[in-house]
Amino acid sequence: MNGMQMLKIVEQFSRKGHTDDENVKIIQVPDRKTVFVEQIGEMGRSILFDEYKVDGKIYWAGYSSRSQSVFVSQAA
């Protein structure tokens with residue numbers, strides 16, 4: 001997933017609380033997180049987040065191709 005697609009998803013989440021893309025699941029993680037360990041079974045995988053600015057707010061978000069999920073954390 002590229003940066004423009006991620007920005008669109010984060011914008012939709014910020015404004016609506018969900019995304020219009022049915023193939024992508026959004027998971028909100030605690031505020032101020034910049035990395036998240038996704039557990040699938042006994043395996044763990046680090047998802048690194050990038051910064052996105054939406055309507056004056058800063059969000060950190062990362063995508064997992066394994067679960068087709070976007071993890072979102074509000075910066076403050």
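Within the stretch 58-76, if we keep just the residues that are assigned to a strand (DSSP E or B) and free of Cβ contacts under 8 Å to residues at least 40 places away in the same chain, the residue that is farthest from the chain's Cα centre (by Cα) turns out to be Ile58. Within the stretch 40-66, the set of residues being of a type in the set (Val, Ile, Thr) and surrounded by fewer than 12 Cβ atoms within 10 Å (Cβ to Cβ) comprises just one member, Ile40. Within the stretch 32-76, the residues that satisfy the criterion of being at pLDDT 95 or above and among the β-branched types (Val, Ile, Thr) are Thr34, Val35, Val37, Ile47, Val54, Ile58, Val70, Val72.
The strands (runs of 3 or more DSSP E) found wholly in the stretch 1-57 and carrying at least 1 residues that are of a type in the set (Asp, Glu) occupy 35-40, 50-54. Confirm whether Val37 is surrounded by 13 or more Cβ atoms within 10 Å (Cβ to Cβ) and either among the aliphatic types (A, V, I, L, M) or under 11 Å from the mean Cα position of the chain (by Cα) (or both). When the stated conditions are applied, Val37 does not pass them. The set of residues in the stretch 1-34 being exposed (fewer than 13 other Cβ atoms within 10 Å of the Cβ), in contact with a strand residue (DSSP E or B) (Cβ under 7 Å, 6 or more places away or on another chain) and among the charged types (D, E, K, R) consists of Asp31, Arg32.
The values are calculated or read from the model by the stated rules, or taken from the named source; none is laboratory data. Please read all numbers here as calculations on a predicted model, not as lab measurements. Ideal geometry is used to build each Cβ from the backbone, glycine not excepted, and the neighbour counts take in all protein chains shown.
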